[in-house]
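Trainee: Take this structure first; my questions come after.
The values are calculated or read from the model by the stated rules, or taken from the named source; none is laboratory data. What you see is a predicted model, and the numbers here were worked out from it, not measured in a lab. Ideal geometry is used to build each Cβ from the backbone, glycine not excepted, and the neighbour counts take in all protein chains shown.
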Amino acid sequence: QDWYTTYYGGTGFATAGRGIQWAIDRGSLVRPLIDAGTPASVPVYELCGNSPDMALLHNEHTGPSDGAVFVASCTAPDGIASRAAAVTLPLNHLKLGWATTAMTQIRTWLG
């Protein structure tokens, strides 16, 4: 039910909203962020996942993703002036925040 009301608008079991088209008609929130960009003096590290297996959640499944974010979106260079590194791990979106492999990668980047 909530997938339907998220897409078309209305009230579901856990969500309420006006629908995807309503949001699209008002313009992208992403474009202003990309256009603002990052300063060239600030290195950007991208940690991405590619395992859409978050328990009890509807995982993104229409393309390679971590369950919430497409891998192509996570690794996109748009707006990033100084990419220091990009790593994709076999983790879902939630585990990127606490899995040992993710923490090890972040520690490596932080030196």
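Trainee: Is it true that some residue in segment 15-38 is closer than 27 Å to residue 111 by Cβ and either at pLDDT 95 or above or not in a loop (DSSP other than H, G, I, E, B) (or both)?
Mentor: Yes: one or more hits.
Trainee: Quick one: would you say residue 41 is of a type in the set (Gly, Ala, Ser), over 19 Å from residue 99 (Cβ atoms) and in contact (Cβ under 8 Å) with a residue 24 or more places away in the chain?
Mentor: Working: of a type in the set (Gly, Ala, Ser): yes; over 19 Å from residue 99 (Cβ atoms): yes; in contact (Cβ under 8 Å) with a residue 24 or more places away in the chain: yes.
So residue 41 fits the description; yes.
Trainee: Select from segment 1-14 the residues that are out of contact with any Lys or Arg (no Cβ under 9 Å at 6 or more places or on another chain) and outside any helix (DSSP H, G or I) and list them in ascending order. Before the answer, list the steps.
Mentor: First, the residues of segment 1-14 that are out of contact with any Lys or Arg (no Cβ under 9 Å at 6 or more places or on another chain): 1-8, 11-14.
Answer for segment 1-14, where residues must be out of contact with any Lys or Arg (no Cβ under 9 Å at 6 or more places or on another chain) and outside any helix (DSSP H, G or I): 1, 11, 12, 13, 14.
Trainee: Next up: How do the pairs read when you match residues in segment 97-111 that are in contact (Cβ under 8 Å) with a residue 40 or more places away in the chain with residues anywhere that are of a type in the set (Gly, Ala, Ser), using Cβ under 7 Å and keeping only pairs 6 or more apart or on different chains?
Mentor: Qualifying pairs under 7 Å: 109/85.
Trainee: When the residues of segment 62-71 are filtered to those that are within 21 Å of residue 97 (Cβ to Cβ) and either not in a loop (DSSP other than H, G, I, E, B) or not charged (D, E, K, R) (or both), which remaining residue is farthest from the chain's Cα centre (by Cα)? Break it down into steps so the answer makes sense when it comes.
Mentor: Here is the first cut: in segment 62-71, the ones within 21 Å of residue 97 (Cβ to Cβ) are 64-71.
Imposing the further condition that a residue be either not in a loop (DSSP other than H, G, I, E, B) or not charged (D, E, K, R) (or both) reduces the set to 64-65, 67-71.
Working: 64: 12, 65: 8, 67: 9, 68: 6, 69: 3, 70: 6, 71: 8 Å.
Taking the candidates together, the pick is 64.
Trainee: Another question, if that's okay. I'd like to check something: does segment 83-91 contain any residue that is touching a Gly at 6+ places or on another chain (Cβ under 8 Å), under 30 Å from residue 2 (Cα atoms) and crowded, with 17+ Cβ neighbours inside 10 Å?
Mentor: Checked segment 83-91: at least one residue is touching a Gly at 6+ places or on another chain (Cβ under 8 Å), under 30 Å from residue 2 (Cα atoms) and crowded, with 17+ Cβ neighbours inside 10 Å.
Trainee: Do we find that residue 46 is at pLDDT below 95 and not hydrophobic (A, V, I, L, M, F, W, C) in this structure?
Mentor: Details: at pLDDT below 95: no; not hydrophobic (A, V, I, L, M, F, W, C): yes.
No: the conditions fail for residue 46.
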